[in-house]
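Down below is the structure, laid out as structure tokens.
Bear in mind that the values in this text are calculations on the coordinates, not laboratory data. This one's a predicted model, so the numbers in the text were calculated from it and none came from an experiment. Backbone-built Cβ (ideal geometry, glycine too); neighbour counts: all protein chains shown.
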Amino acid sequence: MASFLRHYGSLIGMASIVLFFWIALPDTFMTLRNWLNISQQLSMLVVVAVTMTVVMVMGDFDLSVGAMASLSGVVAAVLFTQGLPVPVALAGALAVGLLGGLANGVLVSLLGILPFVATLATLTMFSGAAFLVSGGKTIFGRDIPQGFADFARSGLPLGTWDGKPVLFPALTLLAAAVTFAVWLVLEHTLYGRRLYAIGGNAEAARLAGVRVTALRLSAFAFTGVGAAVAGLMYASRVASANPVQGDGLMLTAIAAVFLGMTVTRDGQPHVLATVAGVVTLGVMDNGLTQLQVDSYVRQVLVGAIILVAVSISALGRRAIRLR
Amino acid sequence: MTGLTRRDIGRRIAGLTLATGLATLGTAAFAAGEKVAVVTPYLSQPGTQFYVEAFQARAKELGWEVNVIDTAGDVAAVISRMEDLATQGVDAIVLNVDPAQVGAGLDAAAAAGIPVFGMDAGTDPRIKANVTSNGYAMAAETAVYVANRIGGAGNVVMFVFDAFPPVQVRGAIADAVFANHPDITVLDRVTPDVSDGGIADSRAKMEAILAANPEPGSIKAVWAAWDQPALGALQAIEAAGRQGEGIVITGIDANPQAREAVATGGNFEATVAQDFAGIGATTADTVARVLAGETLKSNVIYVPTRLITSANAQE
């Protein structure tokens, strides 16, 4: 029973949240349109959380992702204002993400600074750089190319429903592609298995011939680029960029990974579990908004759900140990 | 598989309690009345709180069910919540964010046939009406105050910020008022660096202008498009020991620091207060008009502002 709860308790919890909203909102919750909406709303968080999973697999984490998302959006927007073509500006922003991620990797793996300290410092630097690059202003309006802003509103036409066209959102497709890529890397390559080995026991992995330093360094490139991609998605969605807009992604992404860890068999972070965590958080936001629950009450509830899930998982683990 | 332990039962009870709690919250929301949602990323800012409280008070009289959603600075979340509200089918959405940044949310509301209103938000074809203060009128109040105080003659220093549209219109009006007085000369039209809040750089710029114009009476007035440069200019004049020359300073916005300076009766003589509570209440009235079937002629509705001088600064 304990092991059943340990393995399925959180999944059942997640399913019951969905079921609850389905019953409370019979007409509007369990509809294709609403779920496409939710998927689009969560697309940025999915990209950050899924790439965050890569470093959390090794027991590390990256606090700088939110600031990097803000920075990448601002960098692209400033390049737009310089009249550069969209692909060049996007490449510039992604390059900033890659460099930032590698910088984190160097600090954590080569210099051996604790991830908390190293990425807290780079968080501050990226955030300061975003203010510097943008001059502290929101860049919007004619400075943002129409094509870039339209991306977030585009999608694959799925037909019409209730006389209105239904689109499979482009942001969702992009998030799904990133998720698939990271899932392949973590679950189906030697590289991914070695990252899990480092997370299990770094010293043992090193003795077994795994190049821990190089792998740890490279893994941070995922969070950097992932954050940059999410920042560009955010900028496209709001058709503007300001130096703080992505900051909120970091804590929610870490929360989603932790929430996801409660559904995995081995208690390790896994990509699909992270996605389940993100979806749970997103469903709470969507459903509680539709139920007109006060936004502060909503925040408290979301925090409480995370605690409940993690507690169930911890209790389950203890029960197994005590058996 | 072990049997059902006490811990398992505890867990089940905890789960049930949570579900019941959520259900209670849910049913509480299914009361009667028009459902109106206010979405803002800026609820923690003082001005926004005044709007929202006044809006809620008026909405209560109208018997509405108001849901205030604060996304804590997250603009993309404003779009997400607007999409949720469109799905839920509320009767109206009130925004307090630049509509240019939430176009996708406006599209979702339009597709669902839900009218959207701006509470000091900005104009957009998809917004029925934006209720705000008239920047042109506020600038006219202080520019005319300056022109009258100096008898329509003398040198004036202007602090402007043309890069930000709402502030740009203020400068344009002051330009027109001063140009209409042939004996007023605009000595300098300064754009301060606002990255530090605007006071320090305005002070530095004003110190340089004072140094370049050492004769008493060579500067009659400082007209600032908002309060921070006015406060910086005041500091510069006081630091230079020239507060006795009767240089008239005006600002706009009536922030607490500016109100205090005006109340002391020194050089900083006037600023303009927006009626935040009035904006909130008028927004509710505007929503009511549209819900009652009225078609609004203008998509901007102005709420009168008030000139603040030493006579009324402490109110």
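Points to keep in mind about this one:
- Radius 12 Å from Cβ of B:Ser133, net charge of other residues (Lys, Arg +1; Asp, Glu -1): -2
- Per-residue mean of C-beta atoms belonging to partner chains within 10 Å, peptide A:145-158: 1
- Label point distance in nm, B:Val290-A:Asp150, each placed 7 Å from Cα along Cα→Cβ: 2.7
- A:Leu84-A:Leu110 FRET efficiency (beta carbon distance; Förster radius 30 Å; 0.05 resolution): 0.35
- Shielding score for A:246-253, defined as the mean number of other chain Cβ atoms within 10 Å: 2
- Listed by chain and number, the lysines whose alpha-carbon sits under 29 Å from that of B:Lys60, ignoring those within fewer than 8 places in the same chain, are B:Lys35, B:Lys128, B:Lys297.
- Principal axis box of region B:129-258, alpha-carbon based, largest edge first, Å: 50, 35, 24
- By the equivalent-ellipsoid construction on the alpha carbon gyration tensor, region A:2-322 comes out with semi-axes of 30, 29, 17 Å, ordered largest to smallest.
- Percentage relative contact order, region A:242-290, counting C-alpha pairs under 8 Å, at least six apart: 30
- Take each residue of peptide A:220-229, count the partner chain Cβ atoms within 10 Å of its Cβ, and average: the result is 0.
- Under 29 Å from the Cα of B:Lys205 - lysines, other chains or at least 8 residues apart: A:Lys137, B:Lys220
- Simple spin-label estimate for A:Thr124 and B:Phe164 gives 2.7 nm between the two label positions (7 Å along the Cα-to-Cβ direction from each Cα).
- Distance between region B:32-111 and region A:1-76 - C-alpha centres, whole angstrom: 24
- Relative packing of A:155-166, A:243-254, B:284-295, A:66-77, which averages over residues the other C-beta atoms within 10 Å, highest first: A:66-77, A:243-254, B:284-295, A:155-166
- Derived scalar couplings ³J(HN,Hα) [region A:247-264; Karplus, 6.51 cos²θ - 1.76 cosθ + 1.60; whole Hz; x for Gly, Pro]: 4, x, 5, 4, 5, 5, 5, 5, 4, 5, 5, 4, 4, x, 4, 6, 9, 7
- Most to least packed among A:80-89, A:171-180 [average Cβ atoms within 10 Å]: A:171-180, A:80-89
- Within the same chain, aspartates and glutamates fewer than 8 places from A:Lys164 are excluded, and of the rest, those with a Cα less than 16 Å from its Cα are B:Glu83, B:Asp107.
- For region A:200-323: rounded, prolate or oblate by the Cα gyration tensor [a/c cutoff 1.5]: oblate
- Sequentially through region A:74-89, phi angles give Karplus couplings (6.51, -1.76, 1.60; θ = phi - 60°) of 5, 4, 4, 5, 5, 5, 4, 5, 7, x, 6, x, 4, x, 5, 4 Hz, Gly and Pro residues having no value and appearing as x.
- Contact order relative to length of chain B, as percent, for alpha carbon pairs under 8 angstrom and 6 or more apart: 17
- Normalised contact order of chain A, rounded percent, pairs of Cα under 8 Å and 6 or more residues apart: 35
- Beta bridge orientation in the protein assembly as shown: antiparallel %, DSSP, nearest 5: 25
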